[in-house]
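Undergrad: Handing you a structure now.
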Amino acid sequence: MSDILTKSKELKDFMTEQRRHFHQYPELSHKEFETTKHIKKCLNEMGVDLLDVEFNTGCIAIIKGEGSGSDVITAIRADIDALPIIEQTGVPYTSKNEGVMHACGHDGHTACLLGVAKLLNQLKDKFSGTVMLVFQPAEEGGRGANAMMEKGAFNKYKPDEIIALHAFPTIPTGKIGIMPIKAMASADSFTVTVTGKGGHGARPYESINPISAAAAMISAISGIVSNQVHTFDSVVISVCTIHAGVAANVIPQETTFSGTVRCLENDNRKIVRDHIDRIVKGISESFRCTYELNYKEGVSSLTNSKDVNDKIYKAAADAIGEENVMVLDTATMGSEDFSDFIMALDGKGSMFRLGAGKEGQPMVALHNHLYDFDDEALPTGCAAMCQYVLNKHK
């Protein structure tokens, strides 16, 4: 067992206590006020300095190495927000904030980074340069990374690289997965409101049924990927809501539907948007309806740096043993605003997977009301991130 893993395991009780505290008191995006307060309290007790920038929520800790080497700056990020889900795990530390739950592992990410803060603060004489510990709010659709940068997150210290981990229940606890270069998809959304002419269901010829028009639009939009996108490109278009009508015998005046667009290649985003616009416009005209299309661009696709990936692999192998490091070859069509940080640093950053699959228990997916981060994974994540700093900041 490596020295850094041994030291990380000595912090397991501390990280577990923090993780369960965050799990019990989850907060939604941009509302992580008590979470931020608790993080700052922990950092103050460690004697770790905070970056002198006022964020609405979230914070950045600064640890300066005492070695005489280079002046490199590395940022390590953890997301701190929770999801609007009613928890049904039944664990003793179940959420006390009704309808809010840490169902994506952010409680574990935050606890890991507090462990990193504690350990690196004890090892300042072992490395040089500066480490920025970024406790980021509002990853779940709130563009918290951008919000932090707009407040000046990287004004005083601009990182050479940024890394982050994300729990993954399909990877066994104790292992780490190196994600591919093209790692995660962009995330755009659209809402279409179709307006026709309401009337009696028995006399459709006197009305213009917006449901029929919307159904034709949805069918055509679903065919964009198979008919308009290059065969070897990864694109997902899903219509996820539709709302219309109040009675079985009343043709409504209006129908609204919405969906998500995920593209692994950012170039495909405009292609898909243009096709949706053309489809909605053409079908509206053919059905004699009017329409409103609201298309919202979200986060860009996440592209990891090969150089940073290689460093993460080396750090993980040094910390937990090469036999416990997996090289993943499949991207996910989920999205992450960590991509905003990477883009701001000219592509110099990577995210990796932290194995959090509980041994002997059925796999529970992220964003599920039964998901609970595996505390046994905390030392693994802490050790890998600390080793990354020790390897780089010589």
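The values are calculated or read from the model by the stated rules, or taken from the named source; none is laboratory data. These numbers were taken from a predicted model, which means no experiment stands behind them. Quick reminder, even Gly has a Cβ in these numbers, built from the backbone with ideal geometry, and neighbours come from all protein chains shown. What goes into the accessible areas is simple: the full protein's heavy atoms, side chains included, and nothing from ligands, DNA or RNA. Shrake-Rupley method; radii C 1.70, N 1.55, O 1.52, S 1.80 Å.
Undergrad: Is it the case, given these coordinates, that residue 6 is β-branched (Val, Ile, Thr) and under 22 Å from the mean Cα position of the chain (by Cα)? Spell out how you get there, then give the answer.
TA: Details: β-branched (Val, Ile, Thr): yes; under 22 Å from the mean Cα position of the chain (by Cα): no.
Answer is no for this residue.
Undergrad: Moving on. Considering only residues that are assigned to a loop (DSSP other than H, G, I, E, B), farther than 13 Å from residue 288 by Cβ and in contact (Cβ under 8 Å) with a residue 24 or more places away in the chain, which ones fall in the range 185-209? Break it down stepwise before answering.
TA: If we filter the range 185-209 for residues that are assigned to a loop (DSSP other than H, G, I, E, B), which is where we start, we get 185-187, 196, 198, 201-203, 207, 209.
With farther than 13 Å from residue 288 by Cβ added as a condition, the list becomes 185-187, 198, 201-203.
Passing the criteria: 185, 186, 187, 198, 201, 202.
Undergrad: Condition first: closer than 18 Å to residue 335 by Cβ, small (Gly, Ala, Ser) and surrounded by fewer than 24 Cβ atoms within 10 Å (Cβ to Cβ). Now tell me which residues in the range 127-157 satisfy that.
TA: Across the range 127-157, the qualifying residues are 141, 142, 147.
Undergrad: Okay, next question. Against the conditions (1) more than 30 Å from residue 347 (Cβ to Cβ); (2) open to solvent by 30 Å² or more (accessible area, probe 1.4 Å); (3) at pLDDT 95 or above; (4) over 16 Å from the mean Cα position of the chain (by Cα), where does residue 121 fall short? Just the number, please.
TA: (1)
Undergrad: Select from the range 221-253 the residues that are closer than 20 Å to residue 335 by Cα, touching a residue at least 40 places away in the same chain (Cβ under 8 Å) and in a loop (DSSP other than H, G, I, E, B) and write down the one among them that is most open to solvent (accessible area, probe 1.4 Å).
TA: 234
Undergrad: Anything in the range 199-211 that is open to solvent by 50 Å² or more (accessible area, probe 1.4 Å) and under 39 Å from the mean Cα position of the chain (by Cα)? List them, or say none.
TA: 211 - this is the single residue of the range 199-211 that is open to solvent by 50 Å² or more (accessible area, probe 1.4 Å) and under 39 Å from the mean Cα position of the chain (by Cα).
Undergrad: Name the residue, out of 108, 58, 69, that is within 23 Å of residue 154 (Cα to Cα), crowded, with 21+ Cβ neighbours inside 10 Å, in contact (Cβ under 8 Å) with a residue 24 or more places away in the chain and of a type in the set (Gly, Ala, Ser).
TA: Working: 108 fails: within 23 Å of residue 154 (Cα to Cα); 69 fails: crowded, with 21+ Cβ neighbours inside 10 Å.
Sole residue among the options that is within 23 Å of residue 154 (Cα to Cα), crowded, with 21+ Cβ neighbours inside 10 Å, in contact (Cβ under 8 Å) with a residue 24 or more places away in the chain and of a type in the set (Gly, Ala, Ser): 58.
Undergrad: So, in the range 177-211, of the ones that are of a type in the set (Ser, Thr, Tyr) and touching a Ser or Thr at 6+ places or on another chain (Cβ under 9 Å), which residue ends up nearest to residue 349 (Cα to Cα)? Don't jump to the end; show me each part of the working.
TA: Here is the first cut: in the range 177-211, the ones of a type in the set (Ser, Thr, Tyr) are 186, 189, 191, 193, 195, 205, 207.
Filter again for touching a Ser or Thr at 6+ places or on another chain (Cβ under 9 Å), leaving 186, 189, 191, 193, 195.
Details: 186: 17, 189: 26, 191: 33, 193: 39, 195: 46 Å.
By that ranking, first place goes to 186.
Undergrad: Return the residues of the range 364-383 that are charged (D, E, K, R) and closer than 16 Å to residue 321 by Cα; say none if nothing qualifies. Write out each step before concluding.
TA: The first filter runs over the range 364-383 and keeps only residues charged (D, E, K, R), leaving 372, 374-376.
Across the range 364-383, there are no qualifying residues.
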